Amino acid sequence: MLRVKNGDCWELVPIKARIRLDFRGDGTKQSRFFGKAKPEMAAEELRQRQIATLKNLPWQGVTLEDLNADYEVYTVNAPEHGEKVAFAPVELTVTADSLEDLIGFVLREEFRKIKILEPSELTLSQMDMERTIFKLGQEYRNGLNQEGYLH
């Protein structure tokens with residue numbers, strides 16, 4: 001919980017945030033009979049798998065309040081291959097006990113943006129800032145370890 005000043009006193013409140021993740025489908029997976037799958041279909045399939053995972057995974061310190069997948073799949077031209085790449089957006093509304101609990105979301109490859117809904121104003125103590133930076137470094141190193149960059 002974060003400390004927020006309310007008049008002359010301090011209150012402990014959770015953080016409510018809206019997070020947007022865009023799942024990428026590039027159509028490199030082969031379809032059953034002919035050629036490549038369409039990028040739009042690949043993105044939509046990935047979004048559906050990730051939604052099931054997001055709904056069923058328990059997160060320590062984070063509560064999933066709402067999950068909105070009503071956004072249309074959009075495509076862009078990938079500069080590295082010259083092919084179309086599709087993205088399927090999902091918007092999560094979560095309540096987190098602390099700022100460091102949100103770091104796992106923002107370090108994902110699919111992360112696009114975050115909006116803090118509540119509290120409208122917050123003050124971080126030195127300890128809050130140290131814990132957040134420590135968690136950021138820890139998650140970053142874990143990501144590098146999983147990708148094989150560190151031994």
Please arrange 130, 121 by counting, for each residue, the other beta carbons lying within 10 Å of its beta carbon, fewest first.
121, 130
Residue span residue 55 to residue 138: 0.36 nm per residue of separation minus Cα-Cα distance leaves a gain in nm of 27.4 nm
Pair residue 83, residue 115: separation of 7 Å Cα→Cβ label points (nm)
3.4
Just one of (1) 2.76; (2) 1.35; (3) 1.26 is Cα Rg over 2.2 N^0.38 Å as worked out from the coordinates here. Which one is it?
(3)
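Ranking request for peptides 82-93, 101-112: highest mean number of other beta-carbon atoms within 10 Å first, then the rest in descending order.
82-93, 101-112
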Angle between the chain longest axis and helix 39-56 axis [Cα atoms, degrees, rounded to 10]
40
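Return the calculated 222 nm mean residue ellipticity for the chain, to the nearest 500 deg cm²/dmol, obtained by summing -39500 (n - 2.57) across DSSP H runs with n ≥ 4 and dividing by the residue count. Show your work: numbers first, answer last.
Details: 3 runs with 43 residues, N = 151.
The per-residue figure over the chain is -9000 deg cm²/dmol.
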Choose one of 106, 85, 143: the residue whose Cα lies farthest towards the positive end of the charge dipole of the stretch 2-146 (beta-carbon charges +1 Lys, Arg; -1 Asp, Glu; about the Cα centre).
85
So the angle from the long Cα axis of helix 126-146 to the longest Cα principal axis of the chain, reported in degrees to the nearest 10, equals 20
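Taken together, the values in this text are just the output of simple stated rules run on the coordinates, not laboratory data. Everything quoted here is computed from the prediction, not taken from an experiment. We place every Cβ from the backbone using ideal geometry, glycine too, and count neighbours over all the protein chains shown.
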